[in-house]
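J.: Right, I'll just put the structure down here and ask away after.
The values are calculated or read from the model by the stated rules, or taken from the named source; none is laboratory data. Every value quoted in this text rests on a predicted model; they were computed, and no experiment measured them. So basically every Cβ, Gly included, is an ideal-geometry build from the backbone, and we count neighbours across all protein chains shown.
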Amino acid sequence: MKLNEMNIRELRRLLDNREVSVRDVLDDVYGRIDAVEDKVKAFITVSRDEAYRMAEHAQESIISNRMSLLSGIPIAVKDNMCTKGILTTCASKILHNFIPPYESTVTAKLKEHLYILVGKTNLDEFAMGSSTENSGFHTSRNPWNLECVPGGSSGGSAAAVAAGECIAAVGSDTGGSIRQPASLCGVVGLKPTYGRVSRYGLVAFASSLDQIGPITRDVSDAAAMLTAIAGHDPLDSTSVSYDTPDYEAALGKEIKGLRIGIPKEFFIEGIDKDVEEAVHTAIKKIESLGAKAVEVSLPHTCFATAAYYILATSEASSNLGRYDGVKYGLRESGKDLIDMYMKTRAKGFGTEVKRRIMLGTYALSSGYYDAYYKKAQQVRTLIKNDFANAFKEVDVIVTPTSPTPAFKVGEKTTDPLQMYLSDIFTISVNLAGVPGISIPCGFTKGNLPVGLQIIGKHFDEETLLKAAYAYEQSTDWHMRRPSL
Amino acid sequence: MKSGVDTGAIMKKYEVVIGLEVHAQLLTETKMFCRCSTKFGSEPNSQTCPVCIGMPGVLPVMNRKAVEYAILTGLATNCRIAPYSRFARKNYFYPDLPKNYQISQYELPLCENGFVEIVVDDEVKRIGITRIHMEEDAGKNIHEERGDHSFVDLNRTGVPLMEIVSEPDLRSPGEASEYMKKLRAILRYLGVCDGNMEQGSLRCDANVSIRPVGQNEFGTRAELKNINSFKFVEKALEYEIKRQVSVIEDGGRIIQETRLWDSAAGVTRSMRSKEEAHDYRYFPEPDLPPILVSQEWIDEIKAKLPELPDEKRKRFIGQHSLPEYDAELLTSEKAIADWYERVVEAGGQPKVVANWMMGDLMRLLNEENKSVDALLFGPAQMVGMLKLIDDDTISGKIAKTVFEEMYRTGKNAGDIVKEKGLVQISDTSEIEMAVDDVLAKSASEVERFKAGDEKLMGFFVGQVMKATKGKANPKMLNDLLKEKLGK
């Protein structure tokens, strides 16, 4: 097996025993990128020189036995996290030339663990989308079928992990942007509890929903990554001050007696037959491991998408105000200040971003605020309560991650509502702030991966990971690799 | 209004209603949401960081000290301190606002329902405080004088501000000015704001309307901005009230609008109408948790409250037997009140000290725009000078010269008196010689005096004083003159 196809645990052993060097790993990773990136287009920036520089430092730490969790592990970072001195575009023309003068907390933590930055991955512009088709630069492809999208918005990160162009990646998830692409690309994607991971340096889309998390080959890698990036950050007032557990230690424990909730509202009309079957089979498998499946109800699920698109766009309309051509990024000259603002934003933002800015601006406008924003906040509270009530009965909740497998490039671009429904099963998790993970649970007849979503209680990523790991270890879906 | 009409009578037909929104920059070391310095007057953009520049991905972290200062102000103005309040975003585009939204408070402010007291025509009047909320300041745009470039200095961006909103309780420009003075005194006593309107650390917007006397509903209001100096508070309001009266008297209607005070022209000008008003699209700031204020925290802050101007004024009246006017003046600035009390403690007669401070000392300080903290002499030296008057070493008149010299040089009064030979002449024979000399030279005046022109007494005193270089003991001189002139 090539080194770029291994997981963190395997590489850790080989590196620590000096059976391979960090350079060897990087050679395989960049060899793979050279071979397939033309087809997958997972990256916006490939930081090869920087990576080899980082490799020397990581190798030294290994030689002197001061290795850390991620020493020498090549990791890709979604291009909406600021990396000091390295282009960070958010896949937007408005930031086409933005080189941050500071480091995001998550990449700073990865640095402390001596990771190697492979490159910055593609996304839907400002993380708004479910396919990377809204990227201002290019559309990434699904390694399982190059005619299909990888999902989004962290599509580049998921595709890079699936294609073997990195060992692991970080993404961000506002309404499903880690879990949905992980599902569509057949990899593991974890959205931690809101507040578990610092958002400092993550270019904001919707501040009350955004959360950074790992995209990996398997559950143990996700646990290692979460251990590395979680924890309180004095620079993020919404990050919590709880201690970070060693998530890898939670793995391998029995799940006998674990109560898993199956929400009846999630198995709806319009769900792909193959997806439904794979998820049902997976639930049976989990039951066979000793867990108890219970039907639960999350009665306000049907309002989640509507509430989400009001709250997320409202926050986005404000968060994206700063891209005005005054301080950084694109500037189009105009005859006066207002003209400069308008020309810059007209040229810099893509269609979907403009649509969401307009939606959010409208929802917050005087006279509409109560009917939209305030109402949506109330719905959000009801959805939170739904989960709180369900978690009185069960330990985790299991659902499909996405109603469909990967769809064809261009298939949904003309119908934004159809595109929004890709996230119908993931959105309520962000609204409630609870953690969710997507893990591979089968393939469709067309050989496209299907993802299983496991949702946990607030700050109980351990139970989530334990359940996910137990299921994963009883299957071999995570071992399969696309033939590219 | 048509010319030739009795404007005074017309003005009396209307009642003025004023509410003030005061912005006070807090004297914290660092900014509201990042740890940049708040120092005034540094190199442009030298006090900035990714957070206050509004880089992509940055997040605000609340300055606890700023909240404490706002709570302190809330307590000093009798407000209810909210146990739960929130920050909100106020969205608008302007280059001096890097995020294009200002973090402020909207629905749930930190302090509500307070009041301050002002004295109007010897009566105490309560002015309601609707709310005090916290927000961040914006930067400064700088426009090239020649050329078409503009620059922005973001040093001030993110400096903590308090907005203090009054009820529409003020009924005249004079009351508004008194209210501003009182508020400024309170802020300076608390040490939370330096109160400097010219430098912009204290700013004031006014909502002004008029209504016929006896009408209950408020008239349509205009919002006045850019009142950037203490002396303009009354001027701007007076102009605006006259403008509104004249519009109505001419059969027009007041429109709701924002008007800018132009201090050079002494007028207010329309800036934007209600239709053009911004829709700020306020919503709760998702990057900051709610501000939770516990009773313990309030108690802790309450313990730090100093004696406030009103309490001090009342105490001065009782303890030092000062008239209301003296007490008000001496307590308007904490530093002056403190200095006054130190002089009294050192043995000065309370009323005498008050007179010296309100007269000569304040005149000298005002001439140089100097603070009492910068005095070259101390309270003990002040008392030393007063003693020289008491024991007849110098006259009250000479004392003025001595005091001024003490003010300029910081020397002891006794030394000044010795150096300049200003010791009062209390030797009867010496004064008598001078008196005799003057009377001998002024035969005609003596004649006239004896004929009944008693005003000439002053002339004789003046001549003797001139001859003795002002050093003759005035009482002795008076007695001698009366004796010699047979009065």
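J.: If we keep just the residues of segment B:158-212 that are small (Gly, Ala, Ser) and under 28 Å from residue B:64 (Cβ atoms), which is modelled with the lowest pLDDT? Even if it seems obvious, please write down each step before you answer.
T.: Taking segment B:158-212 and keeping what is small (Gly, Ala, Ser), we get B:158, B:166, B:172, B:174, B:176-177, B:185, B:191, B:195, B:200-201, B:206, B:209.
Next, only the ones that are under 28 Å from residue B:64 (Cβ atoms) stay: B:158, B:166, B:185, B:191, B:195, B:200-201.
Working: B:158: 97, B:166: 98, B:185: 94, B:191: 95, B:195: 93, B:200: 89, B:201: 93.
Looking at residues that are small (Gly, Ala, Ser) and under 28 Å from residue B:64 (Cβ atoms), I get B:200.
J.: Now, a different point. Please enumerate the residues belonging to segment A:356-374 that are surrounded by 15 or more Cβ atoms within 10 Å (Cβ to Cβ) and away from chain B (no Cβ under 13 Å).
T.: Across segment A:356-374, the qualifying residue is only A:356.
J.: Any residue at all in segment B:119-134 that's away from chain A (no Cβ under 14 Å), more than 14 Å from residue B:160 (Cβ to Cβ), crowded, with 16+ Cβ neighbours inside 10 Å and of a type in the set (Lys, Arg)?
T.: Within segment B:119-134, one or more residues are away from chain A (no Cβ under 14 Å), more than 14 Å from residue B:160 (Cβ to Cβ), crowded, with 16+ Cβ neighbours inside 10 Å and of a type in the set (Lys, Arg).
J.: Any residue in segment B:217-228 that's in the same structural domain as residue B:19 (by TED's automatic domain parsing): show its pairings with residues that are buried (at least 19 other Cβ atoms within 10 Å of the Cβ) and of a type in the set (Lys, Arg) at Cβ separation under 6 Å, as long as the two are six or more apart or on different chains.
T.: Close Cβ pairs satisfying both conditions: B:222/B:259; B:224/B:259.
For every residue, the table says whether it meets (1) without any contact (Cβ under 8 Å) to a residue 60 or more places away in the chain; (2) in a loop (DSSP other than H, G, I, E, B).
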site	(1), (2)
A:4	no, no
A:45	no, no
A:53	yes, no
A:58	yes, no
A:103	no, yes
A:107	no, no
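J.: I would also like to ask the following. Which of the following residues is touching a residue at least 60 places away in the same chain (Cβ under 8 Å), buried (at least 23 other Cβ atoms within 10 Å of the Cβ) and not basic (Lys, Arg): B:63, B:91, B:45?
T.: Details: B:91 fails: buried (at least 23 other Cβ atoms within 10 Å of the Cβ); B:45 fails: buried (at least 23 other Cβ atoms within 10 Å of the Cβ).
Result of the check over B:63, B:91, B:45: B:63.
J.: Residue B:445 - would you say it is acidic (Asp, Glu) and surrounded by 15 or more Cβ atoms within 10 Å (Cβ to Cβ)?
T.: Working: acidic (Asp, Glu): yes; surrounded by 15 or more Cβ atoms within 10 Å (Cβ to Cβ): yes.
In short, yes.
J.: Let me ask something else about it. Can you confirm whether residue B:469 is modelled with pLDDT of 85 or more, under 30 Å from residue B:361 (Cβ atoms) and not in a helix (DSSP H, G or I)? Break it down into steps so the answer makes sense when it comes.
T.: Values: modelled with pLDDT of 85 or more: no; under 30 Å from residue B:361 (Cβ atoms): yes; not in a helix (DSSP H, G or I): yes.
In short, no.
J.: Check A:222, A:228 and return the single one that is in contact with a Leu (Cβ under 8 Å, 6 or more places away or on another chain), under 15 Å from residue A:462 (Cβ atoms) and aliphatic (A, V, I, L, M).
T.: On the way: A:228 fails: under 15 Å from residue A:462 (Cβ atoms).
Within the list A:222, A:228, the selection yields A:222.
J.: A further question on this structure: With the requirement that a residue be over 16 Å from residue B:134 (Cβ atoms) and hydrophobic (A, V, I, L, M, F, W, C), what does segment B:9-46 give you?
T.: In the first step, residues of segment B:9-46 are kept if they are over 16 Å from residue B:134 (Cβ atoms); the result is B:9-20, B:29, B:35-37, B:39-46.
B:9, B:10, B:11, B:16, B:17, B:18, B:20, B:36, B:40 - these are the residues of segment B:9-46 that are over 16 Å from residue B:134 (Cβ atoms) and hydrophobic (A, V, I, L, M, F, W, C).
J.: Here is a follow-up. Does residue A:397 meet the test of being crowded, with 22+ Cβ neighbours inside 10 Å, closer than 22 Å to residue A:240 by Cβ and of a type in the set (Val, Ile, Thr)?
T.: Numbers: crowded, with 22+ Cβ neighbours inside 10 Å: yes; closer than 22 Å to residue A:240 by Cβ: yes; of a type in the set (Val, Ile, Thr): yes.
Against the criterion (crowded, with 22+ Cβ neighbours inside 10 Å, closer than 22 Å to residue A:240 by Cβ and of a type in the set (Val, Ile, Thr)), residue A:397 qualifies.
J.: Output yes when any residue across segment A:277-289 is part of a strand (DSSP E or B), away from every other protein chain (no Cβ under 14 Å) and surrounded by fewer than 20 Cβ atoms within 10 Å (Cβ to Cβ), and no when none is. Before the answer, list the steps.
T.: At the first step, the residues of segment A:277-289 found to be part of a strand (DSSP E or B) are none.
For segment A:277-289, residues part of a strand (DSSP E or B), away from every other protein chain (no Cβ under 14 Å) and surrounded by fewer than 20 Cβ atoms within 10 Å (Cβ to Cβ): absent.
J.: Considering segment A:196-224 alone, what residues qualify as being closer than 22 Å to residue A:237 by Cα, more than 9 Å from every other protein chain (Cβ to nearest Cβ) and basic (Lys, Arg)? Talk me through it step by step, then tell me what you get.
T.: Restricting attention to segment A:196-224, the residues satisfying the condition of being closer than 22 Å to residue A:237 by Cα are A:196-214.
Those left that are additionally more than 9 Å from every other protein chain (Cβ to nearest Cβ): A:196-197, A:205, A:210-214.
Within segment A:196-224, just A:196 meets the criteria.
J.: Same structure, new question: Show me the helices (runs of 4 or more DSSP H) entirely contained within segment B:274-385 in which 3 or more residues are within 14 Å of chain A (Cβ to nearest Cβ), surrounded by fewer than 18 Cβ atoms within 10 Å (Cβ to Cβ) and out of contact with any His (no Cβ under 8 Å at 6 or more places or on another chain).
T.: Numbers: elements: B:295-302, B:309-319, B:324-330, B:334-345, B:350-356, B:362-368.
It comes to none.
J.: Please tell me if residue A:111 is away from chain B (no Cβ under 14 Å) and of a type in the set (Lys, Arg).
T.: Working: away from chain B (no Cβ under 14 Å): yes; of a type in the set (Lys, Arg): yes.
It is true that residue A:111 is away from chain B (no Cβ under 14 Å) and of a type in the set (Lys, Arg).
Here is a yes/no grid of residues against (1) more than 10 Å from chain B (Cβ to nearest Cβ); (2) touching a residue at least 12 places away in the same chain (Cβ under 8 Å); (3) under 28 Å from the mean Cα position of the chain (by Cα); (4) farther than 30 Å from residue A:134 by Cα:
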| position | (1), (2), (3), (4) |
| --- | --- |
| A:324 | no, yes, yes, no |
| A:344 | yes, yes, no, no |
| A:390 | yes, yes, yes, yes |
| A:394 | yes, yes, yes, yes |
| A:398 | yes, yes, yes, no |
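J.: On to the next question. Evaluate segment A:78-94: report whether one residue or more is under 26 Å from residue A:188 (Cα atoms) and among the charged types (D, E, K, R). I'd like the intermediate steps shown before the answer.
T.: Kept after step one, since they are under 26 Å from residue A:188 (Cα atoms), are these residues of segment A:78-94: A:78-83, A:88-91.
Restricting the remaining residues to those that are among the charged types (D, E, K, R) gives A:78-79.
Looking through segment A:78-94, at least one residue is under 26 Å from residue A:188 (Cα atoms) and among the charged types (D, E, K, R).
J.: Regarding segment A:458-477, can at least one residue be identified that is assigned to a loop (DSSP other than H, G, I, E, B) and basic (Lys, Arg)?
T.: Within segment A:458-477, the subset assigned to a loop (DSSP other than H, G, I, E, B) is A:458-460, A:474-476.
With basic (Lys, Arg) added as a condition, the list becomes none.
No: segment A:458-477 contains no residue that is assigned to a loop (DSSP other than H, G, I, E, B) and basic (Lys, Arg).
J.: Continuing with the same structure: Would you mind finding the one in A:11, A:70 that is within 21 Å of residue A:202 (Cβ to Cβ) and within 26 Å of the chain's Cα centre (by Cα)?
T.: Result: A:70 is the single residue among A:11, A:70 that is within 21 Å of residue A:202 (Cβ to Cβ) and within 26 Å of the chain's Cα centre (by Cα).
J.: Could you look through segment A:89-101, keep only residues that are surrounded by 19 or more Cβ atoms within 10 Å (Cβ to Cβ), outside any helix (DSSP H, G or I) and touching a helix residue (DSSP H, G or I) at 6+ places or on another chain (Cβ under 7 Å), and pick out the one that is farthest from the other protein chains (Cβ to nearest Cβ)?
T.: A:91
Listed here are the residues, each with its yes/no results for (1) at pLDDT below 95; (2) closer than 24 Å to residue B:183 by Cβ; (3) within 14 Å of another protein chain (Cβ to nearest Cβ); (4) surrounded by fewer than 20 Cβ atoms within 10 Å (Cβ to Cβ).
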{"residue": "B:74", "(1), (2), (3), (4)": "no, yes, no, no"}
{"residue": "B:79", "(1), (2), (3), (4)": "no, yes, no, no"}
{"residue": "B:82", "(1), (2), (3), (4)": "no, yes, no, no"}
{"residue": "B:85", "(1), (2), (3), (4)": "no, yes, no, no"}
{"residue": "B:99", "(1), (2), (3), (4)": "no, no, yes, no"}
{"residue": "B:103", "(1), (2), (3), (4)": "no, yes, yes, no"}
{"residue": "B:106", "(1), (2), (3), (4)": "no, yes, yes, yes"}
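J.: Filtering segment A:409-457 down to residues that are of a type in the set (S, T, N, Q) and farther than 22 Å from residue A:238 by Cβ, which residue is surrounded by the most Cβ atoms within 10 Å (Cβ to Cβ)?
T.: First, the residues of segment A:409-457 that are of a type in the set (S, T, N, Q): A:413-414, A:418, A:422, A:426, A:428, A:430, A:438, A:444, A:447, A:453.
Still in the list and also farther than 22 Å from residue A:238 by Cβ: A:413-414, A:418, A:422, A:438, A:444, A:447, A:453.
Numbers: A:413: 17, A:414: 8, A:418: 13, A:422: 27, A:438: 37, A:444: 18, A:447: 13, A:453: 28.
Only one residue tops the list, namely A:438.
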